[in-house]
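Following: one structure in structure tokens, then a few remarks.
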């Protein structure tokens, strides 16, 4: 096979899958990454003795393309409870799937989070989505998630107390305007698998891919410009390329600027015990509040140096344009009043303005297009998910390998 120089810009999940697939098929690639570690939006940093994910994130173990490309059983996954603790008017309500989570059967049945009909509708929807293929879900008539939930017959009570806070934390927008296709896909993934976090944090996933497949990455090398047959890094180096895979999502394939959903993520530490004992998300169902959800990473791992302390992740989706200082004050006030937490010490704050690309309608397929030797790549071409990132990487690698075989045949 002819050895052409392939340059991949960006070591996010899509770029890593492209590199892995090409390397497994005997092709060498040059992978350029602007940061000092791989993963893109899937990263973990060390701060004050804690491992902090850049924004609270989980892996959905039922994602088909994530399973295909990442041996999840080697990531020391900790499954989260198939449920949530809901905080509402200074009360806590534990709800969940009683077949997978201990101790929630009675609280779920008798909770005031939704009616008996709501709970029957959830069971009915679970059975329905399990029967549908992923392709069928993404062919569903496009409407918003809120429209779908209302039309399906769910009460306003369960929408406001469960669906809205839960899926706001997933879609990172608080009006549930995200396509119902994405809601049904994610609902299916939760029904068929688990939400899980690697023992060492979400960043363990890209780190594993790099080590396992021997992917060489040039870190701290942002690309300043590219043209037909070359890229120029910010330090002025010009690298020739027969083919460029550009995973930077600033612009979509048709050159239209993307819209994004983002979030603010605070990490606090406080003395033990935890407010939520098991690895379970906490949802804030109180109206007109900034805190959307909380989670304790220390329910998975407490470093030896932090014995007796807990780490709390707090996600804010709609900050109402408050600055960091004022936002921190409001968040702490809500944690004290709505969650009865105290002795909070801020460990770190992340502002992630481009966490999830807005793709409407959400898609499950895309056509690889090469223009002047450049291929645009990323989950934003289909839907914002780890599954789509892996699938995009596989599609693009297959396109390149077919192209290489054709070129190789022409030279023989």
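Points to keep in mind about this one:
- Which labelled figure in (1) 1.02; (2) 1.15; (3) 1.23 is Cα Rg over 2.2 N^0.38 Å, once derived from the coordinates: (1)
- Relative contact order %, the chain, counting alpha carbon pairs below 8 Å whose residues are six or more apart: 26
- Inter-part distance where segment 340-408 and segment 111-140 are each reduced to a Cα centre, Å: 27
- Cα-based shape type of segment 37-87, given that a ≥ b ≥ c are square roots of the gyration tensor eigenvalues and the cut on a/c is 1.5: oblate
- Nearest 10 degrees, 0 to 90: helix 13-24 Cα axis against the chain principal axis: 40
- Segment 7-59 and segment 179-209: distance between their alpha carbon centers, rounded to Å: 16
- From helices alone, the chain scores -9000 deg cm²/dmol at 222 nm; the rule is -39500 (n - 2.57) for each run of n ≥ 4 DSSP H residues, then divide by the residue total.
- Relative protection proxy for 390-397, 238-245, from highest mean packing down: 390-397, 238-245 (other beta-carbon atoms within 10 angstrom).
- Cα gyration tensor shape of segment 297-388, rounded if a/c is under 1.5, else prolate or oblate by comparing a/b with b/c: prolate
- Placing R0 at 60 angstrom, the Cβ-Cβ distance between residue 322 and residue 133 gives a FRET efficiency of 0.90 after rounding to 0.05.
- When you restrict to C-alpha pairs under 8 Å that are six or more residues apart and normalise by the size of segment 114-187, the relative contact order lands at 45 percent.
- Taking the DSSP beta bridges with both ends in the chain, the antiparallel portion is around 75 percent.
- Fluctuation leader among 72, 116, 335 - the chain, Gaussian network, Cα springs under 10 angstrom: 116
- Tensor-based shape of segment 114-187 (alpha-carbon gyration tensor, a/c under 1.5 rounded, otherwise prolate or oblate): oblate
- Kirkwood hydrodynamic radius (C-alpha pairs) into Stokes-Einstein, segment 15-57, 20 °C and 1.002 mPa s, D in µm²/s: 173
None of the figures in this text is laboratory data; all of them are computed from the coordinates on show. This one's a predicted model, so the numbers in the text were calculated from it and none came from an experiment. As a convention, Cβ positions derive from the backbone with ideal geometry for all residues, glycine included, and neighbour counts pool all protein chains shown.
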